[in-house]
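A quick write-up on the structure given underneath.
The values are calculated or read from the model by the stated rules, or taken from the named source; none is laboratory data. Computed from a prediction, not measured in an experiment: that's the story for all the values here. With ideal geometry, Cβ positions are generated from the backbone for all residues, glycine too; neighbour counts draw on all protein chains shown. For accessibility, only protein heavy atoms count, side chains too; no ligands or nucleic acids. Shrake-Rupley method; radii C 1.70, N 1.55, O 1.52, S 1.80 Å.
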Amino acid sequence: VVYKAGEAAAFKEDLLPLFRALSADEQDSVRLLAVENCVRVGQLLSVAENEATVLPIIRMVSNDRSWRVRYVVGEHFCELVSAVGEEAIKLDMLPTFVRMLRDQEAEVRTAAAFKVTGFSQMLSRDNVLEHILPCVRELANDSAQPVRAALASVIMGLAPLVCKDATIEHLLPLFLQLLRDEFPEVRLNVISTMHSINDVIGVELLSQSLLPAITQLAEDRQWRVRLAIIDNVPLLAKQLGVQFFEERLSAMSLAWLKDCVYTIRQSAIENIRQIVEAFGVEWATGSLLPEVLATHTSTNYLYRLTALSAVTSLARIVGEEVLCSRLLPLVITMASDPVPNVR
């Protein structure tokens, strides 16, 4: 970095002409580096100077003949936007972003899709609904899986920006569609950001619309998808209450204790621990705990090991009485298990 903030005059005199020339260099490897440096140049100049100097460069490279240059524009788009004024965002940057979301190259659409929520936060609600949402619908049906995966990782973040009614009408169908996508990475990305929608649409609608899809994904063939569901169950349980957990989530949580994947079984134990902390030891002793401990009689020694791991995790929170009356006797019994790994 040759110049720092406060040295704009020297930069404009010495290097700005050279920077303009390099941003139009015949080699795309040079032009894409110029894109990355637009952010640094913008930090040296005022908003008015950026509109006169940096904005034309952004406009040019966003239409570059090389998809690699356009890809770098997509990667740095939100940073580039911060260098220009609010009016320029509406007049230049918004149409530019829409064009990148519809670029002919999947790599460029992917880079832009990652920035959908970040850029939308700089826009008014009306602009998001009018210009961004139509592109989001297209991306949700994009033929390229990386594009859908990128969108799935950020689409939930649009809900607070467009408010409840628009979320229900426009976004919720897309959420459900992406949750049913054939590629596990897409499903996983939606699930991982699911918590951000609850505050917008409310618990009741969440349970009516998204929960059936979540229940189906609890048995997804990809273990990472199941893992993401497990990670979200404690949050859902706390928000939906004890009765809902017992009716809709309890059986699912217990089934994970006998999953064929070790990581799922261990995460299921952590899930159970958080549920017990949320709803109380007294409730757990009467309903959930007996079901968890019942796995110690399984014919599969791996599930008996899971029961022991559950005891270790729960021992820290259940209190002395439950520990001595319910957990300790089970451990003593299992000390004579026929499988050495259990003993």
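Values computed for the structure shown
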{"item": "Added length on full extension, which subtracts the Cα-Cα distance from 0.36 nm per residue, R137 to S82", "result": "17.2 nm"}
{"item": "Accessible-area order (highest first, 1.4 angstrom probe) of the listed residues I264, I168", "result": "I168, I264"}
{"item": "The chain - percent relative contact order, Cα under 8 Å, separation 6 or more", "result": "8 percent"}
{"item": "Degrees between helix 28-44 axis and first principal axis of the chain (Cα, 0 to 90, nearest 10)", "result": "90 degrees"}
{"item": "For the chain, calculated [θ]222 nm from helices alone, where every DSSP H run of n ≥ 4 adds -39500 (n - 2.57)", "result": "-19000 deg cm²/dmol"}
{"item": "Hz values of 3J(HN,Hα) by residue in segment 314-327 - Karplus curve (6.51, -1.76, 1.60), Gly and Pro given as x", "result": "7, 4, 6, 10, 7, x, 5, 4, 5, 4, 7, 8, 10, 8"}
{"item": "Using a Förster distance of 35 Å, the FRET efficiency for L254-A144 (Cβ separation, nearest 0.05)", "result": "0.35"}
{"item": "Taking all pairs of distinct alpha-carbon atoms in segment 71-183, Kirkwood radius in angstrom", "result": "14.0 Å"}
{"item": "Semi-axis lengths (Å, descending) of the ellipsoid that matches the C-alpha gyration tensor of segment 223-275", "result": "18, 10, 9"}
{"item": "Close Lys-Lys pairs in the chain, where close means Cα under 22 Å and separation is 8 or more or interchain", "result": "4"}
{"item": "Loop-resident sites, segment 118-187, for GluC sites (Glu not before Pro), counting at most 11 other Cβ within 10 Å (DSSP)", "result": "E182"}
{"item": "FRET efficiency estimate (nearest 0.05) - Cβ-Cβ, N127 to S29, R0 35 angstrom", "result": "0.50"}
{"item": "For the chain, with +1 on Lys and Arg beta carbons and -1 on Asp and Glu, the positive-most of L308, V108, N63 along the dipole", "result": "L308"}
{"item": "Rg/Rh (Cα only; Kirkwood hydrodynamic radius) as it applies to the chain", "result": "1.14"}
